[in-house]
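See structure below.
FYI, it's all coordinate maths here, none of it is from the lab. The structure presented is a predicted model; accordingly, all values stated were derived computationally and were not measured. Cβ coordinates were reconstructed from backbone atoms using ideal geometry, including for glycine residues, and neighbour counts include every protein chain displayed.
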Amino acid sequence: MSLKSDSWIRELALTQRMIEPFSEHESRPGMLSYGLSSYGYDMRLADEFEIYDGAPELCIDPKQFAGGRMRKVRTMVLEIPPNSFALGRSWEYFRIPREVLTLCLGKSSYARCGIIVNVTPFEPGWEGYATLSIVNATPSPARVYSGEGIAQVIFLEGDAPCQLSYAERKGRYQATQTIQHVKT
């Protein structure tokens, strides 16, 4: 596996539609940056969210999480309640080639405020809008901004294409168009 540079990411984004819409420039005055960086791509946050409205005494179980305690919200600025979380989705649609794996890390501007962003790796052959878990680990409300950077995607290229892609395995979250809940 090798870490891929901005020129490689740009080429695949433009020729194979790996990232749509694709922004070639990272600096955004007055905003949390997004777009192409040296060895990755800072994806933006869309304006679609689901906020957890469960009571503190409820247990969240990933084997039985139906999403019934999630409230849908559409906004450009989301305020996440203290010690709670929201699900969001990426602004960009990704199409990952079969020889590529990505890792996603939350942006440091949010981490420094106690906001933790988790996105699972994009597997070879996966495509869709990414569902992001955004955790407010503070005792105060916390804001996130649609249309601005939320996490960095780092691209790794394997020595050869994978034998069985996510699409060929008929992965649960293939070609996602909306925020996705746990599927068992």
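Miscellaneous remarks
- For region 88-94, putting each phi into the Karplus relation 6.51 cos²θ - 1.76 cosθ + 1.60 with θ = phi - 60° gives couplings of x, 9, 6, 6, 8, 9, 10 Hz, in residue order, rounded to whole numbers and with x for Gly and Pro.
- Amide proton proximity set for Met70, modelled H, under 5 Å, gap of 5+: Asp53
- Pairs of Lys residues in the chain are counted when their Cα atoms are under 28 angstrom apart and they lie 8 or more places apart or on different chains; the count is 10.
- Exposed-site-free run, longest, the chain (rule: GluC sites (Glu not before Pro); DSSP loop; at most 15 other C-beta within 10 Å): 58-167
- Each Cα pair under 8 Å and six or more residues apart adds its separation to the average, and for region 30-154 the resulting relative contact order is 38 percent.
- Gyration tensor (alpha-carbon) shape descriptor, region 1-63, a/c threshold 1.5: prolate
- The chain: angle of helix 6-15 to the longest principal axis, Cα-based, in degrees nearest 10: 90
- When each of Ser38, Ser165 is scored by the number of other beta-carbon atoms lying within 10 Å, the sequence from fewest to most is Ser38, Ser165.
- Ranking Asn118, Thr138, Val73 by Cα position along the charge dipole of the chain, where only Lys, Arg, Asp and Glu carry charges on their C-beta atoms, puts Val73 farthest toward the positive end.
- Rounded to the nearest 20 debye, the dipole size of region 115-180 about its Cα centre is 320 debye, using +1 on the Cβ of Lys and Arg and -1 on the Cβ of Asp and Glu.
- Taking the Cα centre of the chain as origin and assigning +1 to Lys and Arg Cβ atoms and -1 to Asp and Glu Cβ atoms, the resulting dipole is close to 400 debye.
- Region 44-99, dipole about Cα centre (Lys/Arg Cβ +1, Asp/Glu Cβ -1), debye to the nearest 20: 220
- Loop-resident sites, region 109-184, for trypsin sites (Lys or Arg not before Pro), counting at most 10 other Cβ within 10 Å (DSSP): Arg112, Lys170, Lys183
- Charge tally for Met1 (other residues, Cβ to Cβ under 15 Å; Lys, Arg +1; Asp, Glu -1): -2.
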